[in-house]
Amino acid sequence: MPVFYHSTRGNAPELDLRGAVMAGLASDGGLYLPKTWPQFSAADIAAMKNKSYADVAFTILQPFMEGVIDDATLQKLLADAYLSFGDTAVTPLRKIEDKLHMLELFHGPTLAFKDIALQLLGGVFEHFLAEGGHRITVIGATSGDTGSAAMAALANRVNMNVFILYPQKGPSEIQRKQMTCIQAPNVHAIAVEGTFDDCQAIVKSLFNDAGLRAKYNLAAVNSINWLRILAQMVYYFVAASKFTKPVSFVVPTGNFGNVFAAYAATRCGLPVGKLAIASNRNDILTRFFETGTMKADEVQSTLSPSMDIQVSSNFERFLFDLCAQSDAEVRWLMNEMRDRGEFTVPPDQLEKARSIFAAARVDDEQTLATIAATYKKSGTVLDPHSAVGVAAAKQLKQDLPEPVVCLACAHPAKFPATIKRAIGLAPALPGAVAELLKKPERTTLLPADRDKIVHFMAEKIG
């Protein structure tokens, strides 16, 4: 039976996969979730051990796409999505210390884990648009890696214009150039005079404007788009299949999307030891799991810029389950967040959350020390986000059942200044990325003003 999707806030129409993917954000401001979760048994998961990544992805995704994308098309979309990855395993698993493994998610074209989902999303968008003969306007906000991965995946694809907002002072130089050096005429990088949360708020406001949304046929590439979560579920199954015991995953995260994909995998039957959230100084998630209160502070700049976030959009998806799938309770809590800047869950819900998740915060000094110590011990060079994960794993060692797998979310060469500061040398960029960065930059600097950004989009769309 086809899987249908409903909003976490309960006041939007239920949609099939095509509708949910093309809508991105639900019309009531909520996020889409499947009404039913396909299940995979222990035998199903064990059988994944020796399959190719694309074959495991087909196994996981096919039940979610039944009735919308036929099997042959899905297989081709998956094969095309992972063709440009620099490792045939797509997400290789490597042991870096005794009882500590690293899942490398940075072998895609922009050297970040976002490629894994966005390369597929680009193909799915194009497939749906070809079927319907429509055009879309893709808009997204990025703190570092989502923007470049989205632009690389959507550049020169037909029937779509792409606008990516990023904080002017947020991304590293290489992260910025991976967006601004793309020469495709259908993609546009917008440097916003503000924070990632400002960018994300503007994007959400555009999606919540029904008239604007319909006029430009808006589509989302941020992890509010369900296909992003669905595609990211796959590597948790791939990694878990290599072990005979449930795995504890340590996930560097600010927006809760990557770690929610792990939680979504558990809803489909994947057994895990614990899901650990690794925060930098922007620790809204860690503070929630300590206190039960979700409260945003000012965004602080850190050495791990992709996590410099104080509004964790995807948390609403987990909140829906935490509230026993009461959309009324989710609406009330999200209104509290909007109106008061915070909400608090009752003790029983906090206890339930802690039974699944652990959390730790890591500052810049710990990040540098972890990069240096890991390099000295194993020769492995961690990017700063991955170092936050490894440092958090060590902090939480007593709380994490073994084996422990940390997610390496970006290639260390994307952060040469930080790596050189930590170990005295900067890793070289892979050739294709190095060549891209030689091209001239194309970007537009705009204030954090919704109307000015809409005006810019209108000019480019024509």
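Please treat every number below as a calculation from the coordinates, not as lab data. Values in this document were obtained by computation on a predicted structure and should not be read as measured data. Cβ placement follows ideal geometry from the backbone for every residue including glycine, while neighbour counts extend to all protein chains displayed.
A helix-only calculation puts the chain at -13500 deg cm²/dmol for mean residue ellipticity at 222 nm, using -39500 (n - 2.57) for each DSSP H run of at least four residues, averaged over all residues.
Net charge of the neighbourhood of G67, taken over other residues with C-beta under 10 Å away and scored Lys/Arg +1, Asp/Glu -1, is -2.
Quick one: which of K114/K204; K95/K376; K114/K352; K295/K394; K114/K177 span more than 18 angstrom between C-alpha atoms? Over 18 Å Cα-Cα: K114/K204; K114/K352; K295/K394.
Taking 0.36 nm per residue of sequence separation and removing the Cα-Cα distance, the A72/A426 pair yields an extension gain of 123.1 nm. In straight-distance terms, cross-link reach from K76 covers every one of the lysines whose alpha-carbon lies under 17 Å from its own, apart from those fewer than eight places away in the same chain; here that gives K51. Compared with the alpha-carbon gap, the fully stretched path from R354 to E342 is longer by 2.4 nm at 0.36 nm per residue.
In straight-distance terms, cross-link reach from K169 covers every one of the aspartates and glutamates whose alpha-carbon lies under 17 Å from its own, apart from those fewer than eight places away in the same chain; here that gives D145, E193, D197, D198, E298, D308, E441, D449. Judged by the ratio a/c of the largest to the smallest principal axis of the C-alpha gyration tensor, segment 159-232 counts as rounded, that ratio being less than 1.5. Net charge near F58, counting Lys/Arg +1 and Asp/Glu -1 over other residues with Cβ under 15 Å of its Cβ? Around F58, the surrounding residues sum to -4.
Between D449 and K242, the modelled label-to-label distance comes to 5.1 nm, taking each label 7 Å out from Cα in the direction of the beta carbon. Straight-distance candidates among the aspartates and glutamates for linking to K438, with alpha-carbon spacing under 17 Å and chain neighbours fewer than 8 residues away dropped: E173.
Helices meeting the span-like rule in the chain (full DSSP H runs, Cα extent of at least 20 Å along the helix axis, mean Kyte-Doolittle score of -0.5 or higher): 114-132, 226-240.
When the square roots of the Cα gyration tensor eigenvalues are ordered a ≥ b ≥ c, the ratio a/c for segment 240-344 is 1.5 or more and a/b does not exceed b/c, which makes its shape oblate. Each label point was placed 7 Å from the Cα along the Cα-to-Cβ direction; for E435 and E459 their separation is 3.3 nm. Relative contact order for the chain: 19 percent, from Cα pairs under 8 Å spaced at least 6 residues apart, divided by residue count. Averaged over residues, the count of other Cβ atoms within 10 Å places the peptides 155-165, 118-128, 250-260 in the sequence 250-260, 118-128, 155-165, highest first. Peptides 306-312, 186-192, 71-77, 138-144 ranked from most to least packed by the mean count of surrounding Cβ atoms within 10 Å: 138-144, 306-312, 186-192, 71-77.
Among the GluC sites (Glu not before Pro) in segment 230-333, those located in a DSSP loop and surrounded by at most 13 other Cβ atoms within 10 Å of their own Cβ are E298. Quick check on the chain: take the gyration tensor over C-alpha atoms, sort the square-rooted eigenvalues as a ≥ b ≥ c, and tell me if it's rounded (a/c under 1.5), prolate or oblate. Since a/c stays below 1.5, the shape of the chain is classed as rounded.
First measure r as the distance between the Cβ atoms of S84 and S326, then evaluate 1/(1 + (r/R0)^6) with R0 = 56 Å and state the FRET efficiency to the nearest 0.05. Result of the calculation: an efficiency of 0.85.
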